[in-house]
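Each remark here refers to the structure printed beneath this line.
What follows is calculated from the coordinates using simple rules that are stated; it is not laboratory data. Bear in mind the structure is a predicted one, so any value in this text is a computation, not a measurement. Every residue, glycine among them, receives a Cβ derived from its backbone with ideal geometry; neighbour counts consider all protein chains shown.
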Amino acid sequence: MDTTWLTAVQAAQHADRARQLLSAGAAHITPATVRKWVTRGHLAAAGLDEQGRALYRLADVAQAEKKTRARALRLVGISTAT
């Protein structure tokens, strides 16, 4: 079980690195993108830090990035089926 918790900024940095490695680095993920994933139901906060900021589990961030990347590729006509 993954116990790594990230702020929106850290989550965006992690997801951005993953997307750059997996999708030729075309898109950049910002903290606003992470918050949009929450709004759209792709990601849920796992807790709050001392300042009341949302924290996200690393595994959940990776799953949200993968899900949204696959959708984005499908929208431009690129199959993600292996």
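What ranking do 50, 65 get, fewest neighbouring Cβ atoms within 10 angstrom at the top?
Going from least to most buried by this count: 50, 65.
Residue 45 versus residue 63, label points 7 Å from Cα toward the beta carbon: distance in nm?
1.9 nm
Please list, in chain and number order, the residues 5+ apart from residue 43 or on another chain whose amide H is under 5 Å from its amide H, with Hs placed from the backbone.
38
Determine, for each peptide in 35-41, 4-10, the mean count of other beta carbons within 10 angstrom over its residues, then list the peptides with the highest first.
Ranked from most to least packed, the peptides come out as 4-10, 35-41.
With +1 assigned to the C-beta of every Lys and Arg and -1 to the C-beta of every Asp and Glu, and no other charges, what is the dipole magnitude of segment 5-74 about the Cα centre in debye, to the nearest 20?
That gives a dipole near 420 debye.
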